[in-house]
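One structure is given below, encoded as structure tokens.
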Amino acid sequence: MLIVVGLGNPGPKHARQRHNIGYVVADVIAARYGLSPPRRRFQGRAQSGEIAGERVLLLKPETFMNESGRSVRAALNFYKLRARDAIVIHDELDLAPAKVLIRKGGGHAGHNGLRSLHSQIGPDYRRIRVGIGHPGDKHRVLRHVLGDFAAGERPLFARLAEAIAEALPLAVTGDDPGFMTRVALLCPRPRPPKPETVEGAETGG
């Protein structure tokens, strides 16, 4: 059995924020795989079903981000599972927008949800890291993370959530490289614009 966790903050105020991408992906996963209706369990909302032949509990902690670990620990303890049996989906500042990586272990890099998970269950869970990009200035980080996706970003991240959900069976069965490749194929990231050249400008030498 696996526990798949989408990190976020509850309530409509936070629904479109970059920090809530874990919630967004979790909702798409639930719909795609016909998981059970959500129930209030483990200080969150839980849905269950089967993905790639594996029994899965999908959990959205409602403790607010900085206490997410309490919710995940309660679910793991109930099913007598370990941290390695959890896959956590979260936003990642240090990845380019819409870039997705999966890894096991590592630090929390200041992410309050991961910090809470580390303190409650240790670092040995797997994590699907969804890039939201860095604003370029540390003083703008909080506003960026807790800000809503810009209108121009929303279609891309909606497609990305669908791609992660479609590729999830590969992660469930342990094929992490295959999962990342599949996501990249299903939702290619837009190429950055080429720098504009000024007509007639001299090149340095």
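The values are calculated or read from the model by the stated rules, or taken from the named source; none is laboratory data. None of these values were measured; they are calculated from a predicted model. Every residue, glycine among them, receives a Cβ derived from its backbone with ideal geometry; neighbour counts consider all protein chains shown.
So that you can scan it fast, the table gives a plain yes or no per residue for (1) in contact with a strand residue (DSSP E or B) (Cβ under 9 Å, 6 or more places away or on another chain); (2) of a type in the set (A, V, I, L, M, F, W, C); (3) crowded, with 18+ Cβ neighbours inside 10 Å; (4) modelled with pLDDT of 95 or more:
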site: 75; (1), (2), (3), (4): yes, yes, yes, yes
site: 125; (1), (2), (3), (4): yes, no, yes, yes
site: 131; (1), (2), (3), (4): yes, no, yes, yes
site: 136; (1), (2), (3), (4): no, no, no, no
site: 139; (1), (2), (3), (4): no, no, no, no
site: 148; (1), (2), (3), (4): yes, no, no, yes
site: 160; (1), (2), (3), (4): yes, yes, yes, yes
site: 175; (1), (2), (3), (4): no, no, no, yes
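The strands (runs of 3 or more DSSP E) falling completely within the range 1-73 that include 2 or more residues that are buried (at least 20 other Cβ atoms within 10 Å of the Cβ) map to 2-6, 44-51, 54-61. For first residues located in the range 42-53 and in contact (Cβ under 8 Å) with a residue 60 or more places away in the chain, partners that are assigned to a loop (DSSP other than H, G, I, E, B) and among the polar types (S, T, N, Q) and lie 6+ apart or on another chain with Cβ distances below 6 Å form the pairs 52/173.
Given the residues 144, 139, which is the only one that is in contact (Cβ under 8 Å) with a residue 12 or more places away in the chain and not aliphatic (A, V, I, L, M)? One residue alone meets the criteria, 144. Look at residue 40 and say whether it is modelled with pLDDT of 95 or more, of a type outside the set (Asp, Glu) and farther than 16 Å from residue 120 by Cβ. Answer is yes for this residue. When 129, 115, 82 are checked against the criterion of being over 19 Å from residue 70 (Cβ atoms) and of a type in the set (D, E, K, R), 129 stands alone in meeting it. Going through (1) in contact with a His (Cβ under 8 Å, 6 or more places away or on another chain); (2) without any contact (Cβ under 8 Å) to a residue 60 or more places away in the chain; (3) more than 14 Å from residue 112 (Cβ to Cβ); (4) not in a loop (DSSP other than H, G, I, E, B) one by one, residue 94 falls short only on (4).
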